[in-house]
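Undergrad: A single structure is presented below for examination.
A short reminder: the numbers here are calculations on the coordinates, not readings from a lab. A quick note: this is a predicted structure, and the numbers were derived from the prediction, not measured. Backbone-built Cβ (ideal geometry, glycine too); neighbour counts: all protein chains shown.
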Amino acid sequence: MAPFDKDAIRSDTLPLMTLIDAANVAQRGLEKRLSHLHLSVAQQRILALVYFAKENLTPSMLAALLLQETHSVSGLLNRLEDRDLITRTRDRQDRRVVWVGLTTGGRKVAEEAIDIATGMSKEFDTVLTGPNSKEMVEVVRGVRDLGFRIAGVREDVRREALKRVWG
């Protein structure tokens, strides 16, 4: 077996590794700021997605948006429900379908967590805005969408969930 060309590997993987490092650092920073609310970033995202949703969401839709397995999202929902932040309601016509909603307390915590995420986002404005910002967002969106496909996220579920949240 031939030895690895370390310089070529470093060069080939630099964009992806830089993106992963940036995402990890941003996530850790946000988690630190959410700690007084006792929320993980995944829990904050669930609350925000349900908060912004124009139509009801199911756990499988949330899983598709969070790139997590449905059983992992169920665990997150259990913890949020135990804290009386969310409700889970069975569909009247199809009892297999469960809809996720916010309680009054959940709405308040979601708003506070969204304020924290918005504030942190503004701190990144200096590096994320500028003449090429739209192109950069499209590149990152392309990476995200390809990542969804690589991870095997069902496109129909993801598309429906995105439509319900963002219209």
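Undergrad: Compute the label zone of residue 82 within the range 24-50: residues whose backbone N is under 17 Å from the point 7 Å along Cα-to-Cβ.
TA: It comes to 37-44, nothing else.
Undergrad: Can I ask one more? Check residue 102: other-chain or 5+ apart residues with amide H under 5 Å from its amide H, H built from backbone geometry?
TA: Counting only residues 5 or more places away or on other chains, the set is 87.
Undergrad: Using R₀ = 30 Å, calculate the FRET efficiency as 1/(1 + (r/R₀)^6) where r is the Cβ-Cβ separation of residue 72 and residue 139; round to 0.05. Please list the in-between numbers first.
TA: Working: r = 28 Å, r/R0 = 0.93.
Calculated value: 0.60.
Undergrad: For the chain, set up a Gaussian network in which alpha carbons nearer than 10 Å are linked by springs, and say which option among 45, 107, 92 fluctuates the most.
TA: Result for the chain, Cα springs under 10 Å: 92 fluctuates most.
Undergrad: Another question about this same structure. Please compute the length gained on full extension between residue 150 and residue 126, using 0.36 nm multiplied by the number of residues separating them and subtracting their Cα-Cα distance. Mind showing how you got there, number by number?
TA: Details: separation 24, 0.36 × 24 = 8.64 nm, distance 3.13 nm.
Value of the extension gain: 5.5 nm.
Undergrad: Let me ask another. By its C-alpha gyration tensor, with a ≥ b ≥ c as the square roots of the eigenvalues, how is the range 33-166 shaped: rounded for a/c under 1.5, else prolate for a/b larger than b/c, else oblate?
TA: It comes out oblate by the Cα gyration axes.
Undergrad: Grab the beta carbon distance between residue 166 and residue 8, set R0 = 41 Å, and tell me the FRET efficiency rounded to 0.05. The partial results should precede the final answer.
TA: Numbers: r = 40 Å, r/R0 = 0.97.
Computed FRET efficiency for residue 166 and residue 8: 0.55.
Undergrad: May I pose another question? At a Cα cut-off below 26 Å, give the lysines reachable from residue 122, other chains included and same-chain residues fewer than 8 away excluded.
TA: Those lysines meeting the cut-off are 32, 54, 108, 134, 163.
Undergrad: Running a GNM on the chain with Cα contacts under 10 Å, which residue among 54, 134, 108 ends up with the highest mean-square fluctuation?
TA: Maximum among the listed residues: 134.
Undergrad: Here is a follow-up. Of the listed peptides 62-69, 136-143, what is their order by residue-averaged count of other C-beta atoms within 10 Å, with the highest listed first?
TA: Numbers: 62-69: 19.5, 136-143: 12.0.
Packing order, densest peptide first, comes out as 62-69, 136-143.
Undergrad: Between residue 159 and residue 17, how high is the FRET efficiency from 1/(1 + (r/R0)^6) when r is the Cβ-Cβ distance and R₀ = 25 Å? Nearest 0.05.
TA: Details: r = 29 Å, r/R0 = 1.17.
My answer for the efficiency is 0.30.
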